[in-house]
Amino acid sequence: MAVPPSYSDLGKSAKDIFSKGYGFGVVKLDLKTKSQSGVEFSTSGSSNTDSGKATGSLETKYKMKELGLTFNQKWNTDNTLSTGVTLEDQLANGLKLAFDTSFVPNTGKKSGKLKTGYKRDYINLGCDVDFDFAGPVIHGAAVVGYEGWLAGYQVAFDTAKSKLAQNNFALGYKAGDFQLHTNVNDGTEFGGSIYQKVNDKLETAVNLAWTAGSNNTRFGIAAKYQLDTDTAISAKVNNASLIGIGYTQTLRPGVKLTLSGLVDGKNFNAGGHKIGLGFELEA
């Protein structure tokens, strides 16, 4: 069996059907370029159509493949500066080490995170440490897989309070064109999803969620249809009668346009519906 996914990527195929191809209430522009020396630049800007607030970010990334090193720096309009360095497959095959820091000049707030990961056939492990003056928070995760079956556990321990801050469990099954995922978060949040690739053009997904002590079950259905190699349409609906529609068009290699809309089916005449526009450039 191949290497199982990380805990955060369990059920990812279904999540992507519900999230990718939409951008409700936002006008967004993404630009990705790469210099001759190998430095990658990613620039993003967006404007909220309701509040009018504009945000942006700039990220640079440089990889030294012969040493297994990756350096990245990021700045956003909230005036947060982030720096990270990653070492992969050098100390041991499948071992990944990363250290990320962030700094807010306006407030002087600093933070750091040490990330470790190890993956090989049948197992994927991860351990992160958030450094905090009050006491670090330790995050751990493990996923094991065998013949398509996947089981994962995720935990977070707050050393300052000496108690568990997170206690999650997941179980799933993955086949070539079908994926099933279930999870229990902190013993109170229950969820599940089903993903199916019907054919080369059509993908569908269903998700369910329920909170202990509540009679309200949340569910949604989503689908993505590839009209041709350059065009795709997406649609989703949930039990709150929120209907989402997305249209993605590759205008030319490296140029992608995304249009999306969200309609409140319960209050159709009241307004409040949202539209979104996304433009991606890559060179």
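The values are calculated or read from the model by the stated rules, or taken from the named source; none is laboratory data. This structure is a prediction, so every number in the text was calculated from the model and none was measured. Note that each Cβ is placed from the backbone with ideal geometry, even for glycine, and that neighbours are counted across all protein chains shown. With ligands, DNA and RNA removed, areas are computed over all heavy atoms of the protein, side chains included. Shrake-Rupley method; radii C 1.70, N 1.55, O 1.52, S 1.80 Å.
Electrostatic bookkeeping for Q154 treats Lys and Arg as +1 and Asp and Glu as -1; over the other residues with beta carbon under 13 Å from its beta carbon, the sum is -4.
Around the Cα centre of region 141-197, unit charges on the Cβ atoms of Lys, Arg, Asp and Glu (plus for the first two, minus for the last two) sum to a dipole of about 80 debye. The residues of region 1-125 expose, per residue, 63 Å² of accessible area to a 1.4 Å probe. Loop-located chymotrypsin sites (Phe, Trp or Tyr not before Pro) in region 30-130 (DSSP state other than H, G, I, E, B) with a sparse environment of at most 14 neighbouring Cβ atoms within 10 Å: Y122. Rounded to the nearest Å, what's the spacing between the alpha carbon centres of region 229-254 and region 17-37? Just the number, please. Comparing the Cα centres of region 229-254 and region 17-37, I get a distance of 14 Å.
P(r) tail for the chain: Cα pairs beyond 32 Å make up 40% of the total. Projecting the Cα atoms of G52, V198, Q179 onto the dipole axis of the chain, where Lys and Arg carry +1 and Asp and Glu carry -1 at the beta carbon, places G52 farthest toward the positive end. A Gaussian network model of the chain, with springs between Cα atoms under 10 Å, assigns the largest mean-square fluctuation among A170, A222, A240 to A240. Pairs spanning more than 23 Å between alpha-carbon atoms, out of K12/K53; K15/K274; K28/K74: K12/K53. Once Lys and Arg get +1 and Asp and Glu get -1 on their Cβ, which of S37, T70, V27 lies farthest toward the positive end of the dipole of region 24-123? Positive-most Cα among the choices belongs to T70. Surface composition of the chain: carbon and sulfur atoms hold 58% of the protein heavy-atom accessible area at a 1.4 Å probe. Among K224, K96, K161, whose mean-square fluctuation peaks in a Gaussian network model of the chain (Cα, cutoff 10 Å)? In this elastic network of the chain, the residue with the biggest mean-square fluctuation among K224, K96, K161 is K161.
About its Cα centre, region 1-95 has a charge dipole of approximately 180 debye under the convention of +1 per Lys or Arg Cβ and -1 per Asp or Glu Cβ, with nothing else charged.
Computed from the alpha carbon positions, the gyration tensor of region 13-90 leads to an equivalent ellipsoid with semi-axes of 29, 17, 12 Å, biggest first. Between L227 and Y146, full extension at 0.36 nm per residue minus the direct alpha carbon distance yields a gain of 25.6 nm. Evaluated with a Cβ-only charge set (Lys, Arg +1; Asp, Glu -1), the chain carries a dipole of roughly 300 debye about its Cα centre, given to the nearest 20. Rounded to whole Å, give me the distance from the Cα center of region 72-107 to that of region 126-141. About 15 Å separates the Cα centre of region 72-107 from the one of region 126-141.
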